[in-house]
Amino acid sequence: MSEMYTCEICGKPTPNFKPWTCGPIAGKLGRSWCDDCEEKFEREHAWENEQWHQEEITCPWCGYVDIDSWEFEGEYDDKYECPRCEKPFILERVVDITYTSKRRIEDMPEGWEGE
């Protein structure tokens, strides 16, 4: 008989265990979800039709791409409405900021040959 685990979502016994591919996370080696909870997750994930990290706001209902996305000022809106199909969806604005730094040439000591 195979080893039994407890579903982390509903608490039912399950033989399912999926180890994390990158090793332990927060002391856990993987996750245990029963077939019912796994199916529910997959169905909900497919339903959301997440348009992940697009450069323009993209409607998950009709696929409309808003070329004026730069005008959106909020960071998160759970009642955003598509300008074309007028259906509501959740919108999250993700802003990536990076920095580059280097020494100024005018601060290089005379005769410097590297570290």
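Every number in this text was worked out from the coordinates using simple rules, so none of it is lab data. Note that the coordinates shown come from a computational prediction; the quantities given were computed from them, not determined experimentally. Reconstructed Cβ throughout: ideal geometry from the backbone, glycine too, with neighbour counts over all protein chains shown.
Shape of the stretch 49-101 from the C-alpha gyration tensor: prolate (a/c of 1.5 or more and a/b above b/c, with a ≥ b ≥ c the square roots of its eigenvalues). With one equal scatterer per alpha carbon and no solvent term, the Debye-computed log10 I(q)/I(0) for the stretch 1-48 at 0.18, 0.26, 0.30 1/Å reads -0.62, -0.98, -1.04. Spin-label model, TRP112 to GLU42: label points 7 Å out along the Cα-to-beta-carbon direction sit 5.9 nm apart. In a reduced charge model with +1 at each Lys and Arg Cβ and -1 at each Asp and Glu Cβ, the chain shows a dipole moment near 640 debye about its Cα centre. In the chain, taking the dipole from charged Cβ atoms about the Cα centre, the farthest positive-side position among PRO83, ASN49, PRO13 is held by PRO13. Exposure proxy ranking for ILE105, ILE9, ILE67, based on other Cβ atoms within 10 angstrom of each Cβ and starting from the fewest, stands as ILE105, ILE67, ILE9. Extending 7 Å from Cα along the Cβ direction at SER2 and again at THR98 yields two label points whose distance is 4.3 nm. Answer rounded, prolate or oblate for the chain, using the Cα gyration tensor with square roots of eigenvalues a ≥ b ≥ c: rounded when a/c is under 1.5, else prolate when a/b is larger than b/c, else oblate. Here the chain falls in the oblate category.
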